[in-house]
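Below is one structure, written out as structure tokens; comments come after it.
The numbers here are math on the coordinates, done by the rules we state, and not lab data. The structure displayed is predicted, hence computed values, not measured ones. Cβ atoms come from the backbone with ideal geometry, glycine included; neighbour counts cover every protein chain shown.
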Amino acid sequence: MTTLTTSKKNTIHNCLLDLLESSSLHNSSFLPKVLESLLDSQGFGIEMSGIYISTDTDPDNIPEYLIEGIAFEFMESHISLPFNEAIECITEWCQLEKLTKSTDIEPILKKLQDKYK
């Protein structure tokens, strides 16, 4: 597993937190939408944050720096991780934030874990 610096951990945390707390008229939180997009091998971004995947069918959705795996962006910071490590980071973050029991996120996380073993 990649050893993450505090700065990289903060980028992941801030990205996921922003996606969790951001909403629209039809979405109370963008985080479930992001996770579903990853299941479909598509990235998802909003104004300050995004999670992108190197297998996206739309090359315009893949940042130049992302060669293989999943990238987390928050403002000007980004980190790229192998698929399984990125999903592990998302899962651990959701557990720390106690999201797996109180929302519909847990089934999506299980599907992501199975897909990106």
Residue by residue through the stretch 61-74, which ³J(HN,Hα) values in whole Hz follow from phi under the Karplus form 6.51 cos²θ - 1.76 cosθ + 1.60 (θ = phi - 60°), with glycine and proline marked x? 8, 9, x, 4, 6, 8, 8, 8, x, 10, 10, 10, 10, 9
Residue order, fewest to most beta carbons within 10 Å, for 37, 29, 7: 7, 29, 37
Fewest-first ranking of 89, 15, using other Cβ atoms within 10 Å as the exposure measure: 89, 15
Could you check the spin-label model distance between residue 115 and residue 85? Points 7 Å from the Cα along Cα→Cβ, value in nm. 2.1 nm
Could you work out how far apart the two model spin labels at residue 3 and residue 98 are, taking each label as a point 7 Å from the Cα in the direction of the beta carbon, and quote it in nm? 3.3 nm
Taking max minus min of the Cα coordinates of the chain on each principal axis, largest first, gives extents in Å of 34, 32, 27
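Per residue of the chain, what 222 nm ellipticity follows from adding -39500 (n - 2.57) for every DSSP H run with n ≥ 4, rounded to the nearest 500?
-13500 deg cm²/dmol
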Proximal lysine pairs in the chain, meaning Cα under 20 Å and 8 or more positions apart or interchain, come to 10
What trypsin sites (Lys or Arg not before Pro) in the stretch 81-114 are in a loop by DSSP, with at most 13 other Cβ atoms within 10 Å of the Cβ? 98, 101
Under unit Cβ charges (Lys, Arg +1; Asp, Glu -1), what dipole magnitude, rounded to 20 debye, does the chain have relative to its Cα centre? 480 debye
Sparse-neighbourhood loop hits (chymotrypsin sites (Phe, Trp or Tyr not before Pro), the stretch 25-113; DSSP loop; Cβ within 10 Å at most 13 others) -> 65
Taking the number of other C-beta atoms within 10 Å as the exposure measure, put 3, 11 in order starting with the fewest. 3, 11
